[in-house]
Each structure stands twice: as structure tokens, then as C-alpha cells.
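The values are calculated or read from the model by the stated rules, or taken from the named source; none is laboratory data. These numbers were taken from a predicted model, which means no experiment stands behind them. In this analysis, Cβ positions are derived from the backbone assuming ideal geometry, glycine residues included, and neighbour counts consider all displayed protein chains.
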């Protein structure tokens with residue numbers, strides 16, 4: 001038996017317990033860190049080959065594991081930009097040098113430039129969906145992602161391009177001569193639209209019954225008739241048992257005009273009817289005037305919508321989520337973020353609620369998954385084990401002193 005081996009084994013045991021105490025200390029220090037994932041120390045033995053008549057003591061080595069896939073509890077807040085992932089996935093964030101990382105720490109707030117950043121200064125990444133753009137997701141990389149910026153949502157004017165109309169024309173009205181206009185109409189209504197720089201343009205819609213089940217519809221800007229494009233302005237209705245007052249198959253279903261100073265504007269009239277009821281006209285019109293952002297809403301799909309002071313809602317970004325085949329093998333980095341490596345596998349990017357990814361909870365943060373009671377118990381265990389290993393080392397040292405003193 002080697003007394004030096006006994007001492008080395010004792011040193012190995014003390015070193016291993018020191019590593020365990022280090023992870024326990026880190027866990028306790030981060031018990032209130034948003035999105036922090038518990039670290040643990042696993043032990044494995046190193047055995048030396050021994051003969052039949054003697055035993056050579058070996059050592060113990062440690063491996064640090066991270067419970068990254070173990071979710072923490074959710075704590076709800078009053079900020080809509082505080083985010084948590086419910087289920088599988090990580091937020092994609094970027095450091096000041098432009099490097100991308102993964103994180104579950106979603107305490108995001110706008111910085112001086114309007115970028116959403118978390119407590120460690122990492123910027124939230126998403127896809128730009130302004131003006132109705134569709135996210136172009138690169139499944140195996142971060143291509144196409146942009147920093148989510150709430151300042152870019154302010155004071156934006158969006159021209160009106162379409163209206164969806166639900167209307168009914170009164171069949172009992174008296175027929176008059178076409179065309180319809182300010183001095184010649186059966187029914188009239190108005191819509192507020194917006195030109196290219198956000199000026200409100202009121203369009204007057206005149207309808208004139210020109211014959212049984214036949215109507216002429218014209219659009220005016222004040223006293224000026226707007227030039228129509230596309231189908232004719234004459235609309236016919238099918239009052240048979242099959243049609244029940246809907247537009248006839250031969251009738252146009254839309255009306256397009258050019259807004260002064262704006263864009264081509266299409267009115268979808270496919271739902272218009274002529275049934276035994278009074279005139280009724282309801283329209284949903286897109287576009288908006290410039291307005292400051294009153295608040296930012298984020299839904300469970302990660303769509304960031306600016307709610308303007310004028311009541312308009314502008315979807316602007318869609319937050320990306322990412323995952324890897326083995327999340328527990330991700331490499332922890334400074335700032336409670338993770339980077340990929342060979343053991344974790346390559347990153348896979350997608351949208352919330354798709355492809356096995358979880359959903360996004362706005363107004364909530366994910367707590368640390370550290371159990372304080374477990375950590376304190378582990379601390380006591382490590383303390384006792386460290387003490388026992390030190391006794392082993394001390395005993396070996398004492399026996400070595402006996403051997404040295406034999407020659408005296």
C-alpha cells in the first residue's frame with residue numbers, strides 16, 4: 001500500500017467536494033436570478049490496477065451538469081415586455097459585438113435607442129413583419145433576425161389600401177337615374193382613409209338604385225368624383241331562392257379608386273346584400289395617421305404589436321425562439337446566456353407554437369429552478385465529506401511520520 005497514494009486520494013476527494021461546494025454556492029447566489037438554471041456536480045471514480053496482495057487507491061473526478069431543460073416557475077409582472085417561454089425553446093439575443101446566444105432570461109426593457117434588452121444587456125431578436133411582411137425563417141441559423149426596436153414603431157403613417165365592407169341596400173327604394181353622386185343618390189355613407197403621409201381623407205360613398213335589383217355606386221372626395229378602376233360601378237343582385245339577395249354571379253364584387261395623395265384603394269363588396277331591410281353600411285379600413293406608441297403588446301405567438309395613441313394597432317416584429325437537440329449540453333456564458341457546441345447540437349430556429357416550440361407569456365418571468373432546501377442539504381453533505389477526506393489525508397500523513405521515525 002502506498003501512503004502517498006492514500007494522501008493523493010484524500011486530496012482528490014477534497015478537490016471533488018470543493019467543486020461540489022462551488023456549484024452549490026453558485027446556485028444559492030443565483031436563487032433569485034431570472035431564468036437561471038441549476039448546476040450540479042456528478043462524481044465518477046478513477047480506479048488504479050492493483051495486484052492480488054495489495055490495493056492502490058485511485059481518485060475521484062467530477063463533471064458539472066446543468067439542468068437547462070428543467071423549467072422554473074413563472075412570476076407575473078406588470079410589464080408587457082417581461083417575457084417567459086412556456087415549454088420548449090429559448091429567446092435569441094445578441095451582444096454588443098453582434099454575437100448571438102440563447103437565453104430564458106426575459107426581463108426585457110427598451111434602452112435609450114428603443115431596443116429591447118434584458119438585465120445583462122443582451123438585445124432581443126425577432127423578424128420584421130411591418131407592412132404585412134411574412135417572417136422568412138432560416139431553420140438552421142439566425143439569418144433574417146433583427147433587433148426588436150419599439151422606437152421604430154412611433155409616428156409611422158400607413159396609407160389605406162383596402163376596406164372590407166358589410167352592407168345592405170334597401171330593395172324598397174325608388175329607382176332613380178344613374179350615375180350616383182352628391183345630388184343624385186338613394187343612400188350615402190362616408191369612410192375615413194389615409195394618404196401616403198397620414199393625412200385623413202374622407203371618402204363619400206353614394207349608392208343609387210337605377211332599376212329593380214340594380215344599383216350604381218360611386219365614390220367622391222368632397223365634390224370630386226374619384227376615377228374607378230377595374231370592374232364597372234353597376235352592381236346586380238340575385239333575389240331568387242338560390243341567391244337570397246346576394247350579389248349576382250355576373251356582378252362585380254369590388255370597387256377600386258385612387259385616394260388623392262395616396263394609394264390605390266380597393267373596397268371589397270362581396271358581402272353586400274339587398275334584402276328586406278333598411279340601408280346599412282359597415283366598413284373596416286386599413287391605414288393610420290402618424291401617432292406615438294401608447295403601449296406595446298406581445299401575444300403568445302411572439303407578435304410584437306404597437307398600440308398607438310389614436311387606437312391603431314401595428315404588428316411590427318415576431319419574436320424568434322430557438323432550441324438544440326440536447327439543451328442540457330449547452331455552454332453557459334456570462335450574462336445567463338448559452339452558446340452551442342458539438343455536444344448540444346446545432347441551433348434550430350422557429351416561431352412560438354410551431355415545430356415543437358413553446359409559447360410566449362407576456363407579463364411574466366421564469367424564476368430560477370434552484371431549490372434552496374436541496375442546495376443547503378447538498379452543502380452539509382459536501383462539508384461532511386470534505387472533512388472526512390481531510391481526515392484520510394491527515395491519517396496518511398501521520399503514518400508517513402511513523403515510517404520516517406523508524407530509523408531514529
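Among 206, 194, which is under 45 Å from the mean Cα position of the chain (by Cα) and farther than 16 Å from residue 175 by Cβ?
The unique qualifying residue is 194.
On the basis of being touching a residue at least 12 places away in the same chain (Cβ under 8 Å), outside any strand (DSSP E or B), in the same structural domain as residue 43 (by TED's automatic domain parsing) and surrounded by 15 or more Cβ atoms within 10 Å (Cβ to Cβ), does residue 344 make the cut?
No; evaluated as a whole, the condition is false for this residue.
Would you be able to tell me the number of residues in segment 157-196 that are in a loop (DSSP other than H, G, I, E, B), farther than 17 Å from residue 285 by Cβ and in contact (Cβ under 8 Å) with a residue 12 or more places away in the chain?
Result for segment 157-196: 15.
Does segment 369-386 contain at least one residue that is surrounded by 14 or more Cβ atoms within 10 Å (Cβ to Cβ), assigned to a helix (DSSP H, G or I) and touching a strand residue (DSSP E or B) at 6+ places or on another chain (Cβ under 9 Å)?
Yes, segment 369-386 has at least one match.
Would you mind finding the one in 83, 102 that is within 18 Å of residue 352 (Cα to Cα), surrounded by 16 or more Cβ atoms within 10 Å (Cβ to Cβ) and touching a helix residue (DSSP H, G or I) at 6+ places or on another chain (Cβ under 9 Å)?
Checking each option against the conditions leaves just 102.
Could you list, in sequence order, the residues of segment 217-236 that are within 16 Å of residue 185 (Cβ to Cβ) and out of contact with any strand residue (DSSP E or B) (no Cβ under 8 Å at 6 or more places or on another chain)?
223, 224 - these are the residues of segment 217-236 that are within 16 Å of residue 185 (Cβ to Cβ) and out of contact with any strand residue (DSSP E or B) (no Cβ under 8 Å at 6 or more places or on another chain).
Looking at 337, 307, 324, 404 in this structure, which one is buried (at least 16 other Cβ atoms within 10 Å of the Cβ) and over 30 Å from residue 39 (Cβ atoms)?
Exactly one residue qualifies, and that residue is 307.
Can residue 145 be described as surrounded by 18 or more Cβ atoms within 10 Å (Cβ to Cβ), in contact with a strand residue (DSSP E or B) (Cβ under 6 Å, 6 or more places away or on another chain) and under 16 Å from residue 93 (Cβ atoms)?
Yes.
When you scan segment 237-329 for strands (runs of 3 or more DSSP E) that lie fully inside it, which ones turn up with 1 or more residues that are over 22 Å from the mean Cα position of the chain (by Cα)?
Of the strands (runs of 3 or more DSSP E) lying wholly inside segment 237-329, those with at least 1 residues that are over 22 Å from the mean Cα position of the chain (by Cα) span 254-258, 264-268, 280-285.
Cβ-Cβ under 9 Å, sequence separation 6+ or interchain: first residue in segment 382-401 and outside the structural domain of residue 13 (by TED's automatic domain parsing) and under 14 Å from residue 14 (Cα atoms), partner modelled with pLDDT of 85 or more and exposed (fewer than 14 other Cβ atoms within 10 Å of the Cβ). Which pairs?
Within 9 Å, no pair qualifies.
Among the residues of segment 293-313, which ones are touching a residue at least 40 places away in the same chain (Cβ under 8 Å) and under 17 Å from residue 362 (Cα atoms)?
Within segment 293-313, 295, 296, 297, 298, 299, 300, 301, 302, 303, 304, 306 qualify.
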